[in-house]
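Since every read-out is calculated from the coordinates, none of them should be taken as a lab result. Just so you know, these numbers come straight off a predicted model, no measurement behind them. All Cβ positions, even for glycine, are placed from backbone atoms using ideal geometry, and neighbour counts span all protein chains on display.
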Amino acid sequence: MLPYLAAAIAIFGIPIIYIAVRYRECRKFMAGATFATGGMQLYFYLANIPIPLVGTNAIQTPELSGVRGTIHIFICLICLYFGWFFRRRTDHRK
């Protein structure tokens, strides 16, 4: 399972990070998306709900949901700051 997860991160994660660094609108979208997923994961943790993984016999434990939720909320805060509040300084001496 770990090689599949590493491949998925490489295939999907790296291009998304590249786009998010270059485009402010993507960071705004990612702030909302990570807030929603982080909130769901934290809810599953607090309600002690195990999540079955589709197509496998594996189950995501509530403790793992708590870790994932915390990471997503942290990423949400980063995307929120750089997407909505941070502005690049531009040089007006052209």
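Brief remarks follow.
- Test: residue in region 42-52 that is of a type in the set (A, V, I, L, M) and closer than 23 Å to Met1 by Cα: yes
- Applying the criterion of at least 3 residues that are surrounded by 11 or more Cβ atoms within 10 Å (Cβ to Cβ) and free of Cβ contacts under 8 Å to residues at least 24 places away in the same chain to the helices (runs of 4 or more DSSP H) found wholly in the chain leaves 14-22, 24-46, 62-80.
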